[in-house]
Amino acid sequence: MNLSNEEQEAVIKVMESQMLTLLHGTYVKQFEENFANYIGVKHAIGVNTGTAALHIALAALDIGPGDEVIVPPFTFIATASSILHNNAIPIFADIDPKSYTLDPESVKEKITNRTKAIIPVHLAGISADMESLQKIAERDAIHIIEDAAQSIGTLCNGKKVGSLGTLGCFSFYPSKNITTGEGGMITTNDDKLADQCRLIRHHGEPSWYVYNRLGYNYRMTEIQGAIGNVQLKKLPKFIEVRNRNAEFLSNAVDQIEGISSPFVPEYCKPAFNYWIGRINPKEIGLNKNQFIERFPKSKVLYPKPLYKTKLFQEKIAYPKGCPWSCPFYGKEIDYKTVSLPNVELITTEIFALDIHPKMTQADLEENVRIMRKLAKN
């Protein structure tokens, strides 16, 4: 985390105010306004996690039993589990072999008359091909929910991610470009959806003891809001440092045979969260597990496609088999038969490196030295 005395002072002010909840305080509202202005949307709704943001976004669109939502299998579980929490069905589409984001051509193949939304994931600061996905969504009257958890500040065709779909979802977990410890945000230009998101995050309650719909306690705290305001001011500098660190690694790795640096599509101006490298096992004589074993500072981004995890292989969600056995669905889906070639190859070759602002030049140079050594050997 990149926290300083400024965030500490903001937290003390909240504590001195004795107003720790957004129901009585002003810091979350300020953070929401500032975040909406930064992303370039009308509304931002603060919540307690990025997972809650995804859950609420789907619920606000009334996505539920019998509905399908297309997602990439190369992502954190929350992208898909939020669909299950709304009793809808995750449908996995393949990823692009260069950007590792959702492949529009694969998405086209997965659309059915039950498809209600697509959730592209902007991965590690690289945006999905939103122009192509928007054309698909418009043609089939499907909503797009952007999972922008790892890409706060990334531009796609000149616009910030989180402003391009029906709804955008962000996370402020400590590893993200800005943090509030935990925390998340939903962004939208739709007034009615914004109202629904606010209802759902607070028990479906527009005023005390009035319950207009099923909701949850997903509120952001005033302490989170105060930290978020300080972090948001620092975000441009954080992005500058992360991108500079990523550029240093990429320039060095481009001279190393057998290891590839991240691909940045023409439509994208990244705000890097991680630096994603890719090995060629045949060239360097090591598989991914061996490479990571010898390079402890490297990270396994996602070890396998989500559809290969126990949750989906055995379809373990709610009792009695829901949502897959739901009578509103009336179809059989077997994730054991899903085979997506790009993601299955990529997960055997991908690794990630930290590029956060606390990384020193010596840290970066050490990482390059190790990669050179492993590739040479």
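Name, by its number, the condition in (1) surrounded by 13 or more Cβ atoms within 10 Å (Cβ to Cβ); (2) assigned to a loop (DSSP other than H, G, I, E, B) that does not hold for Leu311.
(2)
Within the stretch 118-132, track down each residue that is over 29 Å from Ile355 (Cα atoms) and buried (at least 24 other Cβ atoms within 10 Å of the Cβ).
Result: Ile118, single match.
Going through the stretch 314-353 one residue at a time, which ones are among the hydrophobic types (A, V, I, L, M, F, W, C) and assigned to a loop (DSSP other than H, G, I, E, B)?
Scanning the stretch 314-353 gives Ile316, Ala317, Cys322, Trp324, Cys326, Phe328, Ile333, Val338, Leu340.
Can you name the number of the only condition in (1) in contact with a strand residue (DSSP E or B) (Cβ under 9 Å, 6 or more places away or on another chain); (2) crowded, with 24+ Cβ neighbours inside 10 Å that Ile144 fails?
Of the numbered conditions (1) in contact with a strand residue (DSSP E or B) (Cβ under 9 Å, 6 or more places away or on another chain); (2) crowded, with 24+ Cβ neighbours inside 10 Å, the odd one out for Ile144 is (2).
Against the condition farther than 17 Å from Arg139 by Cα, of a type in the set (Ser, Thr, Tyr) and assigned to a helix (DSSP H, G or I), how does Ser82 come out, does it pass?
Spelling it out, Ser82 is indeed farther than 17 Å from Arg139 by Cα, of a type in the set (Ser, Thr, Tyr) and assigned to a helix (DSSP H, G or I).
Given the criterion under 20 Å from the mean Cα position of the chain (by Cα), more than 12 Å from Ile186 (Cα to Cα) and either of a type in the set (S, T, N, Q) or not assigned by TED's automatic domain parsing to the domain that holds Glu105 (or both), identify the matching residue among Asn86, Asn48, Asn5.
Only one candidate passes the filter, namely Asn86.
Which fully enclosed helices (runs of 4 or more DSSP H) of the stretch 1-77 have 3 or more residues being out of contact with any helix residue (DSSP H, G or I) (no Cβ under 7 Å at 6 or more places or on another chain) and farther than 30 Å from Pro104 by Cβ?
Where helices (runs of 4 or more DSSP H) fall fully within the stretch 1-77 and carry at least 3 residues being out of contact with any helix residue (DSSP H, G or I) (no Cβ under 7 Å at 6 or more places or on another chain) and farther than 30 Å from Pro104 by Cβ, they are 5-17, 27-39.
Would you confirm whether any residue within the stretch 150-169 is within 26 Å of Lys269 (Cα to Cα), charged (D, E, K, R) and surrounded by 22 or more Cβ atoms within 10 Å (Cβ to Cβ)?
Yes, the conditions are met somewhere in the stretch 150-169.
Quick check on this structure: which one of Lys331, Lys304 is within 21 Å of Asn273 (Cα to Cα) and surrounded by fewer than 17 Cβ atoms within 10 Å (Cβ to Cβ)?
None of the others qualify; the one that does is Lys304.
Of the residues Phe295, Phe272, Phe238, which is modelled with pLDDT of 95 or more and closer than 30 Å to Ala93 by Cα?
From the options Phe295, Phe272, Phe238, the qualifying one is Phe272.
Any residue in the stretch 96-120 that's within 22 Å of Glu349 (Cα to Cα) and free of Cβ contacts under 8 Å to residues at least 24 places away in the same chain: show its pairings with residues that are surrounded by 19 or more Cβ atoms within 10 Å (Cβ to Cβ) and among the small types (Gly, Ala, Ser) at Cβ separation under 6 Å, as long as the two are six or more apart or on different chains.
none
Please go through the stretch 237-279 and pick out each residue that is polar (S, T, N, Q), touching a strand residue (DSSP E or B) at 6+ places or on another chain (Cβ under 6 Å) and buried (at least 22 other Cβ atoms within 10 Å of the Cβ).
none
From Asn289, Asn251, which residue is closer than 24 Å to Lys176 by Cα, without any contact (Cβ under 8 Å) to a residue 12 or more places away in the chain and among the polar types (S, T, N, Q)?
So the residue among Asn289, Asn251 that is closer than 24 Å to Lys176 by Cα, without any contact (Cβ under 8 Å) to a residue 12 or more places away in the chain and among the polar types (S, T, N, Q) is Asn251.
Among the residues in the stretch 275-284, are any at pLDDT 95 or above, under 30 Å from Met130 (Cα atoms) and not in a strand (DSSP E or B)?
yes
I'd like to verify a number: residues in the stretch 108-142 that are of a type in the set (S, T, N, Q) and closer than 22 Å to Val161 by Cα, how many?
Residues flagged as of a type in the set (S, T, N, Q) and closer than 22 Å to Val161 by Cα within the stretch 108-142 amount to 3.
From (1) surrounded by 24 or more Cβ atoms within 10 Å (Cβ to Cβ); (2) in contact with a helix residue (DSSP H, G or I) (Cβ under 8 Å, 6 or more places away or on another chain); (3) free of Cβ contacts under 8 Å to residues at least 40 places away in the same chain, pick out the condition that doesn't hold for His85.
(1)
Would you mind stating whether Val47 is crowded, with 20+ Cβ neighbours inside 10 Å and at pLDDT below 95?
No: the conditions fail for Val47.
Here is a yes/no grid of residues against (1) more than 21 Å from the chain's Cα centre (by Cα); (2) over 26 Å from Val368 (Cα atoms); (3) not acidic (Asp, Glu):
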position: Asn217; (1), (2), (3): yes, yes, yes
position: Glu222; (1), (2), (3): yes, yes, no
position: Gly228; (1), (2), (3): no, yes, yes
position: Lys234; (1), (2), (3): no, yes, yes
position: Val241; (1), (2), (3): no, no, yes
position: Glu247; (1), (2), (3): yes, no, no
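The values are calculated or read from the model by the stated rules, or taken from the named source; none is laboratory data. Owing to the predicted nature of the structure, the values given are computational and were not obtained by experimental measurement. Virtual Cβ from ideal backbone geometry, glycine too; neighbours counted across all protein chains shown.
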